[in-house]
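The values are calculated or read from the model by the stated rules, or taken from the named source; none is laboratory data. Since we're looking at a predicted model, the values are computed, not measured. When we count neighbours, we look across all protein chains shown, and the Cβ atoms used for this are built from the backbone with ideal geometry, even at glycine.
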Amino acid sequence: MTLANQIVYFSEREQTFDSIILYMDLDAFFASVEIRENPELEGLPLVVGGNPKTKQGVVSTCSYEARKFGIHSGMPINQALKLCPHLTMVRGSFKLYGEVSKSIMKILEYYSPTMKVAGNDEAYLDLTDVVADYEEAKRLATELKDDVYASEEITCSIGIAPNRILAKIASDSDKPDGLVVVKPLEISEFLAPLNITIIPGVGRKSFEVFSKENVELCGDLAKLPHQLAYQKFGKYGLKTWKLVNGYNTENTGEKFVRHERKSISEERTFFEKYNSWEEIWIRIDSSIDAIVTRLTVKKMSFRTITLKIRFKNFETYTRAHSLTSYNTSPKHVRVVVMKLLEEFEGKKPEDIRLIGVKISNLMKIDDNQKTLTQFFNNIG
Ligand code: DCP
Ligand code: MG
């Protein structure tokens, strides 16, 4: 391989990964909602879609039990019934799916200010500025899964990876109720045993082209010299080759939407010593006023209050408390901050170097979120 070839085939950007992306997709979405509404359907091969009386129409989605018979989305109902004559059919309550979807997307918004809703049951969150590393991203994902289940009683699968395409593949690789993390150096090893059709865009036709050249698994493609991948499968083949070899084939972040901020905070570093808690409290009070003013301007309410306190030896503590309902009053922030401060009563006020107050878990009072409204207009 000559240097000239390298310049043709690779760009510098493709060598680096600096994002952490989470992708979430609900499991058997419409079917899961139907089962939640009618638990007797649990465990049955179930399809949503079509007309149960005339047995016409197509499958919108089906339970994992129905998938064992080879049934899938988009299949004509009569074909599905041939594969599984005792199939249970429900017509579908699309308004309800829209509501469930809306409520889940709201939950997701709390986990990152940068989010892209990709469909009625799927979304990407950019966690790059939210977490320190993949371990923290995994903890956040576990929390998110619990939150989704606690609020809507349906499970989801999550993939975490350095870009969107890999996060989606990771999520698809372990359904239902999966959580798969793929770090930059693990990409090629993770993909190698997977069928090449796991890659979005590689459908039945592309698979035929690949398999004629003995490429069925991602690892089969990865092993080819890149020039050969280009020769045999063209530009798209080379891009896929890069993906399976752990190169970064996409410019992450470009299509993400930044939505409303997730917290408002103020920190005060003390450059002089304050000898009494009263003096400290005056500073805290001014922070609270500043925060609540910004909250009012943004027409938002809050649920969580966090206190951060740093002492002269740089020992730093953060303590948070969540109210049972959304609130807009500075009085509540004061009461909670005072309560959180009690833990530090034994310390000397003159040793305090910084005090921070943050309110989070924010919600718009008028609750009109443009991106979601647009999104729901597209749901039947
Ligand atoms: N859907 C549809 N018609 C299709 C594909 C999907 O009506 N051809 C609807 C029904 C699905 C929802 O969109 O429940 C989400 O699509 P997914 O592809 O994510 O499928 P599921 O969530 O049903 O299953 P999975 O567990 O594979 O994500
Ligand atoms: Mg889904």
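Table for the structure above
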| read-out | value |
| --- | --- |
| Qualifying positions in region 170-202 - part of a helix (DSSP H, G or I) and within 13 Å of ligand 1 (Cβ to nearest atom) | Ser171, Asp172, Ile198 |
| Where Gln56 falls short, out of the listed (1) away from ligand 2 (no atom under 16 Å from the Cβ); (2) touching a Gly at 6+ places or on another chain (Cβ under 8 Å); (3) closer than 26 Å to Lys116 by Cβ | (3) |
| Identity of the residue in region 159-183, among the small types (Gly, Ala, Ser) and touching a residue at least 24 places away in the same chain (Cβ under 8 Å), that ends up surrounded by the most Cβ atoms within 10 Å (Cβ to Cβ) | Ala161 |
| Residue that is nearest to Thr155 (Cα to Cα), among those in region 48-63 that are free of Cβ contacts under 8 Å to residues at least 24 places away in the same chain and in a strand (DSSP E or B) | Val58 |
| Test: residue in region 117-132 that is within 16 Å of ligand 2 (Cβ to nearest atom), assigned to a helix (DSSP H, G or I), touching a residue at least 60 places away in the same chain (Cβ under 8 Å) and under 28 Å from Phe69 (Cβ atoms) | no |
| Selection within region 17-35 - away from ligand 1 (no atom under 13 Å from the Cβ) and among the charged types (D, E, K, R) | Asp18 |
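Conditions tested, residue by residue: (1) surrounded by 20 or more Cβ atoms within 10 Å (Cβ to Cβ); (2) hydroxyl-bearing (Ser, Thr, Tyr); (3) away from ligand 1 (no atom under 16 Å from the Cβ); (4) modelled with pLDDT of 90 or more.
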residue: Ser103; (1), (2), (3), (4): no, yes, no, no
residue: Lys106; (1), (2), (3), (4): no, no, yes, no
residue: Pro113; (1), (2), (3), (4): no, no, yes, no
residue: Asn120; (1), (2), (3), (4): yes, no, no, yes
residue: Leu127; (1), (2), (3), (4): yes, no, yes, yes
residue: Val131; (1), (2), (3), (4): no, no, yes, no
residue: Glu135; (1), (2), (3), (4): no, no, yes, yes
residue: Thr142; (1), (2), (3), (4): no, yes, yes, yes
residue: Lys145; (1), (2), (3), (4): no, no, no, yes
